[in-house]
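Novice: First, the structure itself, so that you have it in front of you.
The values are calculated or read from the model by the stated rules, or taken from the named source; none is laboratory data. The model shown is predicted, which means the values in this text are computed figures rather than measured ones. Positions of Cβ are generated from backbone atoms using ideal geometry, with glycine treated the same way; all protein chains shown enter the neighbour counts.
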Amino acid sequence: MGFLDRLLGSKKMFKDTMNGLDMVKVGLMYYLLPECEVNFGKDYSPPLVAAVVNTVFSDPPSNETGRQFILDEDNVKNVMLVIEKSIKPVEKLRQTITDSVRVKCTLSHSKNPKLSERDFIRLCREPIDNLKRLGLLIPGGEMPELSIFLHNAGTFVQACKADLDHHRSQERATSEADYQTYELPLAEKTCLICGKELSEGDATVSTSGCAFPQSHKLWRYCDAPLHLACMETWSDRETFSHAYYVQRHQQFLDESWFILAEEKDWFVGHIPAGLYHSEPGFEDLVEIRIRDWPFVLYGHAEEWTQFFIDGWQKYQPALSGKALHRAREVMSQVMLVLPDTETIVELINKRLRRK
Ligand SMILES: [Zn+2]
């Protein structure tokens, strides 16, 4: 059964909501990490932050490390300290958490309407009571509408991730280290923009194919690895990128591949199974092309939520500076029109029915 069939089941609502809850939890982790690292150190912070999120959402630890962690009294004290100092004073954060826990409770209930009283209390009331005990509950509110909740969850996790990335990039700037790298093709040793030799660890982008005739002055840049940093100020970047953009866009039209969404300066295309990539796992590959930058963002329709959280950096780990900024900007626009897997699946199915 293909992923399209699987996703058209009746579990859509449930899955959406679970995704939304996960987004809020991940966002909260991103939010807490930098401050915890300052106060508790880098190694201790990830398990601490995970324990904080579990405590806030009344979730049991998901692994043995988590279970051991919370058995230690000092760790529990630190969890409470983080809740007290980093979450409680921020009303907006408490609101997001309260909304999410309300959604979580309603979800548990609607999934098992025949709960025994004891289980009802455990699943539906205890998480709210727990928030109250922690001093985080914003009382009196209704459960938010699902679409609004999902939208807010997406915005929340993106904002938290952006802050964390910003924090990380500042750390990098001060420690002058640790760039993620691309493997360099042996044949290409210099960046043609600055003329300097490429060293391992340089963040570069290269295009695929050639968008210019050999007589064109930009022909020699085709396929060549170019420093991302050099590209920021390269006066030919837009012309160069535009040519690739137009070429790819035309290819989509010529081949009748599906453009899922399109704006003035970006488009999202679905790469059909078997035509372009025949390997398994590529059947739901989606690409985002941007008119003024030559890098491509790849994602899988089936993991669209994760793609928006941080999956889009998987194929482009070295993006930084203005390129990263541009990628984020486009991603936030894409998210508005293609918010989830189901939207993509619906678009594809509608098109298949038309054929
Ligand atoms: Zn360069």
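Novice: So, LEU253, is that one closer than 30 Å to GLU303 by Cα and either away from the ligand (no atom under 16 Å from the Cβ) or basic (Lys, Arg) (or both) or not?
Specialist: Here the answer is yes, as LEU253 does meet what is asked.
Novice: List, please: which pairs have Cβ atoms under 8 Å, are six or more places apart or on different chains, and start with a residue in the stretch 216-240 that is within 18 Å of ARG289 (Cα to Cα) and end with one that is among the charged types (D, E, K, R) and assigned to a helix (DSSP H, G or I)?
Specialist: MET231/ARG237; GLU232/LYS322
Novice: Kindly list, by first and then second residue, each pair from a residue in the stretch 132-160 that is at positive phi to a residue that is surrounded by fewer than 16 Cβ atoms within 10 Å (Cβ to Cβ), limited to pairs with Cβ atoms under 7 Å and residues at least 6 apart or on different chains.
Specialist: Between residues of the stretch 132-160 that are at positive phi and residues that are surrounded by fewer than 16 Cβ atoms within 10 Å (Cβ to Cβ), the close pairs are GLY135/LYS88.
Novice: Among residues belonging to the stretch 188-234 that are within 14 Å of the ligand (Cβ to nearest atom) and of a type in the set (Gly, Ala, Ser), point out the one that is surrounded by the most Cβ atoms within 10 Å (Cβ to Cβ).
Specialist: Step by step, filter the stretch 188-234, then rank; the result is ALA203.
Novice: Okay, moving on. Wholly within the stretch 56-132, which helices (runs of 4 or more DSSP H) include no fewer than the required count, namely at least 1 residues that are aromatic (Phe, Trp, Tyr) and modelled with pLDDT of 90 or more?
Specialist: The qualifying helices (runs of 4 or more DSSP H) are 64-69.
Novice: A further question follows. Could you tell me whether any residue of the stretch 229-236 is among the polar types (S, T, N, Q) and within 21 Å of ARG326 (Cα to Cα)?
Specialist: Among the residues of the stretch 229-236, at least one is among the polar types (S, T, N, Q) and within 21 Å of ARG326 (Cα to Cα), which makes the answer yes.
Novice: Which of the residues belonging to the stretch 313-350 are under 12 Å from the mean Cα position of the chain (by Cα), without any contact (Cβ under 8 Å) to a residue 24 or more places away in the chain and assigned to a helix (DSSP H, G or I)?
Specialist: The one that is under 12 Å from the mean Cα position of the chain (by Cα), without any contact (Cβ under 8 Å) to a residue 24 or more places away in the chain and assigned to a helix (DSSP H, G or I): GLN313.
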